[in-house]
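The values are calculated or read from the model by the stated rules, or taken from the named source; none is laboratory data. Quick caveat, the model's predicted, so the values are computed rather than measured. Positions of Cβ are backbone-derived with ideal geometry, glycine not excepted, and every protein chain shown enters the neighbour counts. Heads up: the accessible areas ignore ligands, DNA and RNA and are worked out on the full protein's heavy atoms, side chains in. Shrake-Rupley method; radii C 1.70, N 1.55, O 1.52, S 1.80 Å.
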Amino acid sequence: MIEQIDIINLSHYDLGFTDYPDVCAALQRDYIDRALALCRSNRRKGPGARFCWTVESNAALADWWAGAQRKKKIEFVHAVRSGWIEVCALPFNKSAILNGPQWKTMARWLPEDLWRMVRPRVIMQNDVNGMQRAGVMALMDRGAEFLWMSINLDLGRSPLPQPGAFWWKMPDGRRIFVWISISYPAGYFFFEP
């Protein structure tokens, strides 16, 4: 039984749609710095009032990590381990046409030491409809426990009501908990008339 639904704060990573790729990459690096600053300023607040944030794209994190100073890297890992920042397991939203070698690349986008430090547990497929079992299994092999789908109703429909949840059984017998969320732009309308 689902007892609580959280509204998750993230910045959608959509290279080429929201702006030019280099502009989007710069914005994403800045978002991580801003999220750290908010974590720092809210660290004394209780769990219900503390700022929390989700890094949807670990490609954005890999880009930020490559240029970050050691002190910022330590602060970031501390924020993740404290539960203030969550890092998702995919480098970006992907289409349904990846082959085996491409999935291996996707599952190992982050540097291995960084992956071990942040331990992504959530696969987020946001805005692109569908998800391949091969990809889910490759990321489950790396420790992923949850799949978060935010199906874009402009491109298709959800096979189940949104929001909703189910357990998805893989061919090897493992199961992953799937949350079918509403699409990312819908959150705007919760707070704006």
Of LYS104, LYS94, which has the most accessible area and how do the rest follow, probe 1.4 Å?
LYS104, LYS94
Which of ASP172, ASP19, ASP33 fluctuates most in a GNM of the chain (C-alpha springs under 10 Å)? That residue is ASP172
Expressed in nm to one decimal, what extension gain is obtained for the pair GLN69 and ASP19 from 0.36 nm per residue of sequence separation less their Cα-Cα distance?
15.3 nm
Classify region 82-135: rounded, prolate or oblate, from the alpha-carbon gyration tensor (a ≥ b ≥ c, eigenvalue square roots; a/c under 1.5 rounded; otherwise prolate if a/b is larger than b/c)?
oblate
One would report the antiparallel percent of DSSP beta bridges in the chain, rounded to the nearest 5, as 30 percent
What is the chain by shape, rounded, prolate or oblate, if you read a ≥ b ≥ c off the alpha carbon gyration tensor as root eigenvalues and call it rounded for a/c under 1.5, prolate for a/b larger than b/c, and oblate otherwise?
rounded
Compute the distance in nm between two label points, each set 7 Å from the Cα along the Cα-to-Cβ direction, one at LEU160 and one at ARG43.
3.9 nm
Hull shadow area, averaged, region 118-193 [alpha-carbon convex hull, nm²]
6.0 nm²
For the pair GLU145 and TRP167, how long in nm is the line joining their label points, each one 7 Å along Cα→Cβ?
1.5 nm
Can you spot the lysines whose alpha carbon is less than 30 Å from LYS169's alpha carbon? Ignore those fewer than 8 places along the same chain.
LYS94, LYS104
Got a sec? What order do HIS78, HIS12 fall in by accessible area at 1.4 Å, biggest, i.e. largest, first?
HIS78, HIS12
